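**Q** First, the structure itself, so that you have it in front of you.
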Amino acid sequence: MAKRKRQSVQHADASNVSITSTSGEIDTSDLQSNIDDSSKVDISEELSEPHDVHESGDENDDDEDDDSDSEDEQPSFIKRQKKSQLSAQDVQIARETAELFKSNIFKLEIDELIKELKLKESHCKLIENSLHRLHDIIQQIPKSKEFALFEAEALFSNSKNKVVIPFPDPKPTSFKSKLQYDIPEFVSLVGSFGLKTAIQQPKGMSVDMALTMPKSLFQPKDYLNYRAIYKRAFYIAYLADQLIQLSKKNHLPIKVSYDYLNGDRLCPTILIESVSPEHPHKDDLIFEKTKMSIRLIVGFEIGLFESKKLLPDRNCIRVQTKNDSDPLPPTPLYNASLLSSTAYKYYLENLVTARKSAEAFRDAAMLGKLWLKQKGFSSHFNEGGFGHFEFATLMAALLEGGGENGNKILLHGFSSYQLFKGTIKYLATQDLCNDGYLSFSFSLDKFAAYKKNGFKVPTIFDKYTKINILWKMSASSYELLKKYAVETLCLLNDVVQDRFKPIFIQKSDDNLLKYDSLVQIPLKSIDEEGFGALEKISFLSFENFICSKIYRILSKALDERATQIHISISKKDRPWSINKRKPSSSDSHDALINIGLFLDSSRCEKKVTKGPLHSEKEAGEKFASFWGTKAQLRKYKDGNIQYSCLWQSISTESTVITIIKYILTLHLHKDISEKLIINSNKFIKLLPQPVISSKDSTQPIILPFHFQDLKNSYNELCKTLYDLNLPLVIKSIFPTSPALRNTSLLLPVPFSSSSEEFFNESIMQFETSAKWPDELIALEQTKTAFLLKIDQLLNKETAYKCFLQNDELTIPYNDKIVVLKVLTPEGYGFSFRILTERDEVLYLRAIENATDKQKKTVTDVYLRFNQKYMGSTKHHRAVATLVNHYPFYSPVVRLFKRWLDSQLLLCHFPDELVELIALKVFVDPAPFSAPSSVASGFLRLLHFLSTWNWKEEPLILDLAKEFDDDSDKGNYIDKISDRLTVQSYQVMYNNFNKLRQEDPSAIRIQYFVASKEDPSGKLWTSHRISLPIASRLTALSKAAISLLLKHQQHNGVISNKVLKLIFTPALKDYDFVVRLNVPTDFSIASGILPDNKFKNLVQTSSEFSEDVTTTADPTQRYFEELVSRYNNVMVLSTNKFIGLSDTGKVNVITGLFNPSVVNVGVG
């Protein structure tokens, strides 16, 4: 046992062989049921502490070897007795074998990450010296005399530095109290630097220093009507003015400016940045190279004001109302800002205590800060209001309790991984907004308990200070944080793959990538109507008010269509000059309101919004009032008469966007729909539009009726084939065509025989027979005879038209393959080929009989056979089911194919490979969630391709994800396979390692794309893809995604010009370009609606030509001929769909010469 334990630790960072083998053998379900349900984090994680295991392995190597040797020499009955003595320990260690494996792997990665995150020691020393000098300067500032308001303003206007007092809105016009500066009561280092949990940040960081104003400067009721806020504003201005003067004398060259603390308009701070003077003095202390700034936060003494008077439900700002008898609304933001200003030093001291009591607290806090940063969260109002301080405080509270009975969620002996996971689990599983809240205290009677019945606002309530730690969070930002916590917890619980990178390394904070749909509203386009005096004291700013209003409107309008709605302001607070009272209004001139939507893919495209029954009068009136003219009474099949809203089916616009435009116009501003910035519709418009209208489709984006019409025709044909009188009965027919699984680039349009995807392939199998020939050529001829018989019967007895066609290119060295082409009366084309039980046997026999020189060629032939017959069938079965589970997979993969074809790459990739790569963002979407819109799916796919290091990373897909719906789950598992296990994942990973050992430069096989359907990972990647093509796909993806993100971040708009550029090939990169013009317009002939034409003006065919083979695109045949002749000399590329060109008549063939071959030829 000891020996086995040591080996697990030694191999944890290498192959993990010993660990994975044990994890598969142990069933922990019975043991798990005995764990106390009240424990939110499994106690076994404490036993699996990576530090302890690793240390015992290092210190006791010799003893363990001695024990194992002596064990081998003992009689068998003694060994059995010894084993029974260790069984209790075995059970404890094995309880969570998979979790122990996860913890050990994570420990190695976390240790390395923490080293990278820590601040440089030299930088810390330099900033500490600067802080000491700054502290000395502050102590030199003398106490001022008392000033009236006008005297204070005159003092600064006459001063050399022209400092302006940073009064918040409303600026005081008369103020009876006196303003004065006095030496701070306390000067404390607070924040992550003071807690020693700061991490390196590319853009630098600020070090927070808290100055506590003396109690003598205040009166008991200064918490009312901004009095304390105004006094602090004067204190800050006086301090800034003195710092500018004294810093020069004390050789601390600095730049002083104002900045808001985490976007709190009531709490300005002094930002101090180091500068390099033109003529530096030898004693000058310059910390510019550290990329750190110092932020002076002026606060109040704890207990200065009575906490009960500042509870969230109290009003502390008195204003005049129309009716003096009306109660004033509460001022929760004002109250929380004032109270939190009294507790900087208090929380630092308690967090330091928590850090000392739990050894791993510091590292866990650093991990939490990094995780939040990668998700785009911080303590700032506009960045969710949940940052390092909130995470560390929550973690410290959970060390004291957190359960419903006050039981501890975290233990002091937990590792950093366990503390981090426990905190994430608490955020994911506990509702701190509606169902309940966390109440805690760090005072003498330390406790933390989850209380039922929430306040409808995110709440972690400190019973001692009366502060809601989450006061800067909105309901929408809390729901987003909880969503991220749930997704991260799933990754942490994944025992199959290592999820370290998507949790800590990969950023997922870009609005264009993280949301399913992003709608932006210019803030300047909304007038402040409705933002009166009462709203000002409740929300403090117009931004807070309008975000809250939009959230309420859209939550009600979208309901089940959106799982989360996140409203934020794009404006980033910037420091401003000490010569101004507040930031310039021009800074907020270009601010945007971001409406980020996470959609329910199964509901978001529904065309009807159902309301209350007709009999529910009051609810019906509210529904009609909210929806306006859209509300109507409709009778449904079940006999119910309900208030409803019917939305028009538009193939180029999401239903959700249609609803948002309507409801915001109705409730926000009558012209607002014209000012909305919506990029998602532009991606939908890039999907090829069919010449036949989609008006009959209820969901034209995700489920156009064209696919269903094709399947109906196919099903009728299959029924006819099954009923034919043949020597052998047709046992099964397996579809393999992209259109029959809703993934074809072009929508199937009747009689569009010029399309490259017109003939939809299937594999036909007959009943078992021992009379099939035992030689390949004879077998193919026998298959041809069966196809001839089917051809005769269909042409004679049915309305179907059939013909046979040779297939000489699909499988090398087998030119006897014949396929049956069938034209249906509905206007569709199908292709059938026969597979027998003898085919695979004969191909494998050929490999066995081949010589060493022939073996590779014959193996490649078998691989091509496997692709065309068995692999394509399995792939179709898997993807057809996933299309139903992920409604937006179909349009996303179609748009991806369009982009590949526009870049002349689709001709190199089999449809199956393209579809598998596109599945990555659905079945394994981390660090994002599965996309529920065309734009998000396409952009995340480009993002994945731009970051995928395919030379060193395999793509292993789990195509058997568990679904929430039990009925779907059972059906799906029956159809495909079991979920991916540790053992199967390890087999695939070992296959990849073996492949790269044989081909380290990825010259032969670039992509390794594996699933349980294809553990080899090379079924679809070993043909026609070359290193230049794979490298080009990566480069184009990087260029495309960076260009799109850059333009969106600049002003929110992705222009049509930029999108057209993304879908335009860079022909200058090739060695030569051949332009081909054809006389026929292949757009309409392929079923594609040209961009410059209307559907009602397009003449479509209603019958087949006499010979449909003559209607095919000749440029494709020419391209295939060139490839067959010059494949070893050059890499040729072309557009696969000529009908998608601007005129439908032009195609290009490009070439890249093989340098080694061409140079040899020249020489």
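**Q** Quick check: the distance between the Cα centres of the stretch 161-219 and the stretch 1051-1080, to the nearest angstrom?
**A** Taking the Cα centre of each part, the stretch 161-219 and the stretch 1051-1080 sit 56 Å apart.
**Q** Relative contact order of the chain: what whole-number percent is it, with Cα pairs under 8 angstrom and at least 6 residues apart?
**A** 8 percent
**Q** For the chain, what is the accessible area per residue in Å² when the probe is 1.4 Å?
**A** 45 Å²
**Q** Same structure, new question: Restrict the search to the stretch 175-211; then list the chymotrypsin sites (Phe, Trp or Tyr not before Pro) that DSSP places in a loop and that have at most 10 other Cβ atoms within 10 Å of their Cβ. Working shown, then result.
**A** Values: sites: Phe175, Tyr181, Phe186, Phe193; in loops: Phe175, Tyr181.
Here no loop site has a sparse enough neighbourhood.
**Q** At a 10 angstrom cut-off on C-beta neighbours, averaged per residue, how do the peptides 610-621, 706-717 rank from highest to lowest?
**A** My ranking of the peptides, most packed first, is 706-717, 610-621.
**Q** Also, quick follow-up: About the Cα centre of the stretch 374-512, what is the dipole size in debye to 20, counting +1 per Lys and Arg Cβ and -1 per Asp and Glu Cβ, all else neutral? Intermediate values should be presented prior to the final figure.
**A** Values: 16 positive and 14 negative charges, 35 e Å.
So the dipole magnitude of the stretch 374-512 works out to roughly 160 debye.
**Q** Once the dipole of the chain is set up with Lys and Arg at +1 and Asp and Glu at -1 on Cβ about the Cα centre, which of Leu835, Ser753, Leu480 lies farthest towards its positive end?
**A** Positive-most Cα among the choices belongs to Leu480.
**Q** Related question: For every other residue with a beta carbon closer than 11 angstrom to the beta carbon of Ile956, add +1 if it is Lys or Arg and -1 if Asp or Glu, then tell me the sum.
**A** Value of the local net charge: -2.
**Q** Considering only Cα-Cα distances, which of the following residue pairs are longer than 30 Å: Lys483/Lys1046; Lys783/Lys920; Lys196/Lys221; Lys125/Lys463; Lys572/Lys1068?
**A** Over 30 Å apart, Cα to Cα: Lys783/Lys920; Lys196/Lys221; Lys125/Lys463; Lys572/Lys1068.
**Q** Moving on to the next point. Rounded to the nearest 20 debye, what is the charge dipole size of the chain about its Cα centre when +1 sits on each Lys and Arg Cβ and -1 on each Asp and Glu Cβ?
**A** So the dipole magnitude of the chain works out to roughly 4520 debye.
**Q** Report, in degrees rounded to the nearest 10, the 0 to 90 angle that the Cα long axis of helix 1114-1126 makes with the longest principal axis of the chain.
**A** Roughly 90 degrees, rounded to the nearest 10.
**Q** Still on this model: Can you find, among Phe766, Asn129, Ser247, the residue sitting farthest towards the positive end of the charge dipole of the chain, where Lys and Arg contribute +1 and Asp and Glu -1 at Cβ?
**A** It is Ser247.
**Q** Relative contact order (percent) for the stretch 92-245, with alpha-carbon contacts under 8 angstrom and 6 or more residues of separation?
**A** It rounds to 28 percent for the stretch 92-245.
**Q** For the stretch 549-609 and the stretch 805-857, what is the separation of their C-alpha centers, rounded to whole Å?
**A** 57 Å
**Q** Next question. What shape does the stretch 618-726 have by the C-alpha gyration tensor, where a ≥ b ≥ c are the square roots of the eigenvalues, rounded means a/c under 1.5, and otherwise prolate means a/b greater than b/c and oblate the rest? Can you show the working numbers first?
**A** On the way: a/c = 5.09, a/b = 1.68, b/c = 3.02.
Since a/c reaches 1.5 but b/c is at least a/b, the shape of the stretch 618-726 is classed as oblate.
**Q** Strictly over 32 Å apart at the Cα level, which of Lys118/Lys466; Lys356/Lys425; Lys421/Lys1012; Lys289/Lys446; Lys176/Lys524; Lys514/Lys610 would you flag in this model?
**A** Details: Lys118/Lys466 34 Å; Lys356/Lys425 23 Å; Lys421/Lys1012 30 Å; Lys289/Lys446 42 Å; Lys176/Lys524 36 Å; Lys514/Lys610 29 Å.
Checking Cα-Cα distances, Lys118/Lys466; Lys289/Lys446; Lys176/Lys524 exceed 32 Å.
**Q** Still on this structure, I have one more. For the stretch 706-785 and the stretch 859-912, what is the separation of their C-alpha centers, rounded to whole Å?
**A** The stretch 706-785 and the stretch 859-912 have Cα centres separated by 18 Å.
**Q** Let me ask another. Ranking request for peptides 1142-1149, 1007-1014, 508-515: highest mean number of other beta-carbon atoms within 10 Å first, then the rest in descending order.
**A** 1007-1014, 508-515, 1142-1149
**Q** Taking the Cα centre of the stretch 1065-1162 as origin, sum charge times position over the Cβ atoms of Lys and Arg (+1) and Asp and Glu (-1), and report the length of that vector in debye to the nearest 20.
**A** Its charge dipole is roughly 260 debye.
**Q** Sort 319-328, 234-243, 404-413 by the packing proxy (mean of other Cβ within 10 Å over each peptide's residues), most packed first.
**A** With the highest mean Cβ count within 10 Å placed first, the list reads 234-243, 404-413, 319-328.
**Q** Among Leu108, Cys547, Thr665, whose Cα projects farthest towards the positive end of the dipole of the chain, with charges put on the beta-carbon of Lys, Arg (+1) and Asp, Glu (-1)?
**A** Projecting each Cα onto the dipole axis, the largest value belongs to Thr665.
**Q** Continuing with this model, one more query. Give the carbon-plus-sulfur fraction of the accessible surface of the chain in %, rounded to a whole number; probe 1.4 Å, heavy atoms of protein chains only.
**A** 50 percent
**Q** Follow-up. First check a/c for the stretch 434-587, with a ≥ b ≥ c the square roots of the eigenvalues of its C-alpha gyration tensor; if it is under 1.5, answer rounded, and if not, answer prolate when a/b is larger than b/c or oblate otherwise.
**A** oblate
**Q** Please report the orientation-averaged projected area of the chain, defined via the convex hull of its C-alpha atoms, in nm².
**A** Reported value for the Cα convex hull: 59.1 nm².
**Q** In the P(r) worked out for the stretch 357-509, what percent of Cα pairs fall beyond 22 Å?
**A** Within the stretch 357-509, distances greater than 22 Å cover 36 percent of Cα pairs.
The values are calculated or read from the model by the stated rules, or taken from the named source; none is laboratory data. All of these numbers come straight from a predicted model, not from anything done at the bench. As a convention, Cβ positions derive from the backbone with ideal geometry for all residues, glycine included, and neighbour counts pool all protein chains shown. For accessibility, only protein heavy atoms count, side chains too; no ligands or nucleic acids. Shrake-Rupley method; radii C 1.70, N 1.55, O 1.52, S 1.80 Å.
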